[in-house]
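First the structure, in the form of structure tokens, and then the observations on it.
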Amino acid sequence: MNRLEGHIEHLEVSGDLSLVTVLLSGDLRIKAIVIDTPKSAPYLEKNKNVAILFKETEVVIGNHSDHKVSLQNKMLGPLKSLEQGQLLSCLTIQTEAGQIRSTISTAAVLALKLKPGMRIMAMVKLNEVMLSPL
């Protein structure tokens, strides 16, 4: 499980849902959609410190070019390590906010020609990001 820390910068509420923007170190922002509101989860408040959590299997990898996709959570950084297995590979990416891990198919690693030291883009759908109060 990936874990990064930051504080809530912005909050939009609609019905029982909240769209939360978390500011991490290095001016990196991550968005999460949560089935909670400030009324049901008091930690959902501007400037509150939170941890963001997401699974390694939910991290999509691309080259460092501008990706025209709907994923809003994009983190650029060098590929620090690559553990290549027969079917799956584990990657560690150094981002402004800290290290994150991704598990993708080895076929994808080969197709993207990934090598340690390359700058790559890690992307996570906002509905795959969980928040936890600190």
Of the numbered conditions (1) at negative phi; (2) at pLDDT 95 or above, Leu76 fails exactly one; give the number of that condition. (2)
Looking only at the stretch 27-65, how many residues end up being exposed (fewer than 14 other Cβ atoms within 10 Å of the Cβ) and over 28 Å from Lys113 (Cα atoms)? 9
When every residue in the stretch 82-105 that is assigned to a loop (DSSP other than H, G, I, E, B) and of a type outside the set (S, T, N, Q) is compared, the one nearest to Asn63 (Cα to Cα) is Glu96
Is it fair to say Leu87 is farther than 29 Å from Thr37 by Cβ and buried (at least 19 other Cβ atoms within 10 Å of the Cβ)? no
Out of Ser102, Ser70, which single residue is loosely packed, with under 14 Cβ neighbours inside 10 Å and of a type in the set (Gly, Ala, Ser)? Ser70
Options Ala122, Ala108; residue that is outside any strand (DSSP E or B), under 13 Å from Val60 (Cβ atoms) and not acidic (Asp, Glu): Ala108
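The values are calculated or read from the model by the stated rules, or taken from the named source; none is laboratory data. Computed from a predicted model, the values in this text were never measured in an experiment. So basically every Cβ, Gly included, is an ideal-geometry build from the backbone, and we count neighbours across all protein chains shown.
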